[in-house]
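Engineer: To start, I am sharing the structure in question, which I have written as structure tokens.
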Amino acid sequence: MGKKRVMVPAEDVDLSAVKYHHEAIQAPHLTGLKFKLFVKLLETPLVGPLIISRLKKDNKIVELLQNTVIPEAPMYKPEYPPQEPEPGVVVVDEDGKPEDRVELAVNCLPPYNPASCWNEDLASPFRYWKIRDYAHAYRSQFVTPSMVAEKIISVIEEFNKKDPPTPLLISFDAEEVRKQAAASTKRFEEGSPISILDGIFIAIKDDIDLYPHPSKGGTTWMHEVRPMKEDAVSVSRLRCCGVIFVGKANMHEFGMGTTGNNPNYGTTRNPHALDRYTGGSSSGPAAIVASGLCSAALGTDGGGSIRIPSSLCGVVGLKTTYGRTNIRGSLYDYGTVAVIGPIASSVEDVMLVYAAILGSNPADRISLNPSPPCLPNLSSCDGADALGSLRLGKYTAWFNDVQSTDVSDTCEDMLNLLSKTHGCEMVEIVIPEMQEMRTSHLLSIGSEFIQSLNPDIEDGKGVRLNYDSRTSVALFRSFNASDYIAAQCLRRRLMYHHMEIFKKVDVIVTPTTGMTAPKIPSGALSYGETNLQVTGYLMRFVVAANLLGFPAISIPVGYDKQGLPIGLQLISRPWGEATLLRLASAVEELYAKPKKRPASFYDVLKTK
């Protein structure tokens, strides 16, 4: 038999014959000096290509890309026709003022009850302060933004003194924070706050431009070759709403990892267990929200980089439809898999920040043809009807492919609650070609990464990368043009498969990750780590939303036996953010058990 493999057209795939196969990535787990030596070998002209060739063959990358005839034409961006309107929503003007969109979002929320939030009973269960709690405290003159700023500054400075370093922020300027807080305090004193987001503290991931902070992408040198003179579009929209920016949050270097490990500045720790990873690559954004220091943060998500750390840190993370938010002003504004999105402690806070930053790039609207952005009207009785009509798709074999049944059982319990309480219909689905999807995503994100970095690597900057980034560089540089085109042909097939599924269901449900927060090996702090088995579990459920452009959200739904957070992921059809936010809000409301106070938590709002 020859090596050639011929795929039937996507519409002819027999779903009854599809069998799910557990993904077992074949690659060594290395840390410390062994990892350093491995990278040196990988970069050796004769030995390196042999190692890469073996890794690609062992993981069937060659078989899928070079030995397979794919009948579909390539699809270089996830472009879809306009979708059916979502029920029970309010249409938002994406070209209007951000503060007007935020006000509209506030009006979509249930009424705010201060009495239920400002209970001095010490026996009350743990809860995060929400954005509306801060706004109420400022307007009632319980505290001022400047008072809160001083608390945050003292904690950040404490973090910066730790040895070994575990920074939440890569770039931080206390005086800049004080200046923003003073301006916000003055607006409240004058009775003229700009919006509900005025005085709200937000961190920005280090790959998104926040003037005057440099954008390093977690490296030690990117700011030297990429000068930055203004805010990213999403940051500018938040600034118009009166947001106070605390600085640039730590991240996995260039976003090319799922743990958040960063030897350049120190690895951010999971607030729930300080010996464990936050998840990545938006490690700092998720940790700073989970620790209570910021109400929200902005991250980027090219391969689960918002949803993975949100799940592992017990917070909410939204990955929007590709093109729904304007990614200009980030390190990835050229790509086809990454978006900018919010992380917050609650669905309503995610919704408020999302309302501020939404709005596609005008240049993308011609090809992407987006449906008008909408928000769910959570204050209306119509919401119950909209929830009850939802069909939730579950691919059981995939859903249960987790490291511990704590993860799948906890998510299953929440789905049962949704069905029992709101009447959501559970529908068994089959998703074909899962390995092809992972391979296509790897090729897409890897090719876009290496294309942007090649000039700097040729200019000698490659040796200043972390060892795990250098491993990625060696792999991604081994791919060729035909590999990339094959990956885009697979993208079109997979778009077809998923849109056929969305004719039968409204939302696909999965655990967010296949495991809870992994431990940090001691040898990983100095030289980094490569552990593709862990990466496989962390990315098991996330790549479809990136490769195919779908919106997805992670919501905390419980804890494993070690007290580590577990997230449930919801994936919707293109431009279906309102449906996700409505369903996520219902999930959040149904989770009746008290949240665990993170081991590292700071109450920066209460004065007593």
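Engineer: Within the range 313-424, which helices (runs of 4 or more DSSP H) (wholly inside it) include 3 or more residues that are in contact with a helix residue (DSSP H, G or I) (Cβ under 9 Å, 6 or more places away or on another chain)?
Structural biologist: 347-357, 382-388, 405-422
Engineer: Taking the range 174-219, which residues are open to solvent by less than 10 Å² (accessible area, probe 1.4 Å), more than 17 Å from ARG237 (Cα to Cα) and hydroxyl-bearing (Ser, Thr, Tyr)?
Structural biologist: SER215, THR219
Engineer: When you check ALA287 against the structure, is it over 16 Å from LEU331 (Cβ atoms) and open to solvent by less than 10 Å² (accessible area, probe 1.4 Å), yes or no? Break it down into steps so the answer makes sense when it comes.
Structural biologist: Details: over 16 Å from LEU331 (Cβ atoms): yes; open to solvent by less than 10 Å² (accessible area, probe 1.4 Å): yes.
Spelling it out, ALA287 is indeed over 16 Å from LEU331 (Cβ atoms) and open to solvent by less than 10 Å² (accessible area, probe 1.4 Å).
Engineer: Would you mind stating whether GLN451 is among the polar types (S, T, N, Q), open to solvent by less than 30 Å² (accessible area, probe 1.4 Å), within 24 Å of LEU64 (Cβ to Cβ) and under 25 Å from the mean Cα position of the chain (by Cα)?
Structural biologist: no
Engineer: Looking for whichever is within 16 Å of the chain's Cα centre (by Cα) and more than 16 Å from ALA344 (Cβ to Cβ) here; the options are ASP198, ASP206, ASP231. Which one fits? Before the answer, list the steps.
Structural biologist: Details: ASP198 fails: within 16 Å of the chain's Cα centre (by Cα); ASP231 fails: within 16 Å of the chain's Cα centre (by Cα).
Matching residue, one of ASP198, ASP206, ASP231: ASP206.
Engineer: Being under 24 Å from LEU104 (Cα atoms) and either open to solvent by 60 Å² or more (accessible area, probe 1.4 Å) or β-branched (Val, Ile, Thr) (or both) is the filter here; which residues of the range 380-402 pass it?
Structural biologist: CYS381, ASP382, ALA384, ASP385
Engineer: For SER234, only one of the following conditions fails: (1) among the small types (Gly, Ala, Ser); (2) in contact (Cβ under 8 Å) with a residue 24 or more places away in the chain; (3) farther than 29 Å from PRO263 by Cα. What is its number?
Structural biologist: Status for SER234: all satisfied but (3).
Engineer: OK, next. Looking at the range 340-366, I want the residues that are at positive phi and have a partner that is of a type in the set (Gly, Ala, Ser) and outside any strand (DSSP E or B) with Cβ atoms under 9 Å, at least 6 apart or on another chain. Which pairs are those?
Structural biologist: Between residues of the range 340-366 that are at positive phi and residues that are of a type in the set (Gly, Ala, Ser) and outside any strand (DSSP E or B), the close pairs are GLY359/GLY96; GLY359/SER234.
Engineer: Would it be correct to say that THR421 is touching a residue at least 12 places away in the same chain (Cβ under 8 Å), of a type in the set (Ser, Thr, Tyr) and open to solvent by 50 Å² or more (accessible area, probe 1.4 Å)?
Structural biologist: yes
Engineer: In the range 91-101, what count of residues is obtained for those that are outside any strand (DSSP E or B) and among the β-branched types (Val, Ile, Thr)?
Structural biologist: 1
Engineer: Inspect the range 121-141 for any residue being in a loop (DSSP other than H, G, I, E, B), farther than 15 Å from LEU197 by Cα, basic (Lys, Arg) and touching a residue at least 40 places away in the same chain (Cβ under 8 Å) and give the result as yes or no.
Structural biologist: Scanning the range 121-141, I find at least one residue that is in a loop (DSSP other than H, G, I, E, B), farther than 15 Å from LEU197 by Cα, basic (Lys, Arg) and touching a residue at least 40 places away in the same chain (Cβ under 8 Å), so the answer is yes.
Engineer: List every residue pair whose Cβ atoms lie under 8 Å apart, where the two residues are 6 or more positions apart in sequence or sit on different chains, the first residue falls within the range 157-174 and is in contact (Cβ under 8 Å) with a residue 12 or more places away in the chain, and the second residue, located anywhere, is outside any loop (DSSP other than H, G, I, E, B) and open to solvent by 60 Å² or more (accessible area, probe 1.4 Å).
Structural biologist: Listed by first residue and then by second, the contacts come to THR166/LEU274; ALA174/GLU157.
Engineer: Could you list, in sequence order, all residues of the range 517-541 that are assigned to a loop (DSSP other than H, G, I, E, B) and out of contact with any Pro (no Cβ under 7 Å at 6 or more places or on another chain)?
Structural biologist: ALA517, PRO518, ILE520, PRO521, SER522, GLY523, ASN531, ARG540
Engineer: So the check is Cβ under 9 Å with 6+ separation or different chains; which pairs have a first residue in the range 217-230 that's farther than 16 Å from GLU253 by Cα and a second one that's open to solvent by less than 60 Å² (accessible area, probe 1.4 Å) and of a type in the set (A, V, I, L, M, F, W, C)?
Structural biologist: As it stands, the answer is MET228/LEU210, since those pairs meet every condition given.
Engineer: Can you pull out every residue in the range 38-52 that is open to solvent by 90 Å² or more (accessible area, probe 1.4 Å) and either farther than 21 Å from ASN262 by Cβ or touching a residue at least 60 places away in the same chain (Cβ under 8 Å) (or both)?
Structural biologist: Correct list: PRO45, LEU46, LEU50.
Engineer: Also, I was wondering about something else. Here are some conditions: (1) over 21 Å from LEU418 (Cβ atoms); (2) of a type in the set (A, V, I, L, M); (3) not in a helix (DSSP H, G or I). LEU494 meets all but one. Which one does it not meet?
Structural biologist: Going through the list (1) over 21 Å from LEU418 (Cβ atoms); (2) of a type in the set (A, V, I, L, M); (3) not in a helix (DSSP H, G or I), LEU494 breaks only (3).
Engineer: Given (1) open to solvent by 10 Å² or more (accessible area, probe 1.4 Å); (2) within 13 Å of the chain's Cα centre (by Cα), where does ARG307 come up short, assuming only one miss?
Structural biologist: For ARG307, the failing item is (1).
Engineer: Right, another one. On the basis of being free of Cβ contacts under 8 Å to residues at least 12 places away in the same chain and open to solvent by 50 Å² or more (accessible area, probe 1.4 Å), does ASP95 make the cut? Show your work before the answer.
Structural biologist: On the way: free of Cβ contacts under 8 Å to residues at least 12 places away in the same chain: no; open to solvent by 50 Å² or more (accessible area, probe 1.4 Å): yes.
For ASP95, the condition - free of Cβ contacts under 8 Å to residues at least 12 places away in the same chain and open to solvent by 50 Å² or more (accessible area, probe 1.4 Å) - is not met.
Engineer: If only one of SER283, SER305, SER311, SER330 is small (Gly, Ala, Ser) and more than 20 Å from TYR537 (Cβ to Cβ), which one is it?
Structural biologist: Checking each option against the conditions leaves just SER330.
Engineer: Could you say which residue among GLY335, GLY317 is touching a residue at least 60 places away in the same chain (Cβ under 8 Å) and surrounded by fewer than 24 Cβ atoms within 10 Å (Cβ to Cβ)?
Structural biologist: GLY335
Engineer: Within the range 489-537, count every residue that is farther than 28 Å from ASN264 by Cα, hydrophobic (A, V, I, L, M, F, W, C) and open to solvent by less than 20 Å² (accessible area, probe 1.4 Å).
Structural biologist: 10
Engineer: Kindly indicate the residue of the range 249-269 that is under 20 Å from ASN160 (Cα atoms) and out of contact with any Gly (no Cβ under 8 Å at 6 or more places or on another chain) and also most open to solvent (accessible area, probe 1.4 Å) among those meeting that condition.
Structural biologist: Applying the filter and picking the extreme gives ARG269.
Engineer: Restrict the check to the range 140-157 and report whether at least one residue is open to solvent by less than 80 Å² (accessible area, probe 1.4 Å), over 21 Å from GLY247 (Cα atoms) and not polar (S, T, N, Q).
Structural biologist: Within the range 140-157, one or more residues are open to solvent by less than 80 Å² (accessible area, probe 1.4 Å), over 21 Å from GLY247 (Cα atoms) and not polar (S, T, N, Q).
The values are calculated or read from the model by the stated rules, or taken from the named source; none is laboratory data. Predicted model only: the values in this text are computed from it and were never measured. Backbone-built Cβ (ideal geometry, glycine too); neighbour counts: all protein chains shown. Please note that ligands, DNA and RNA were not included when accessible areas were found on the heavy atoms of the full protein model with its side chains. Shrake-Rupley method; radii C 1.70, N 1.55, O 1.52, S 1.80 Å.
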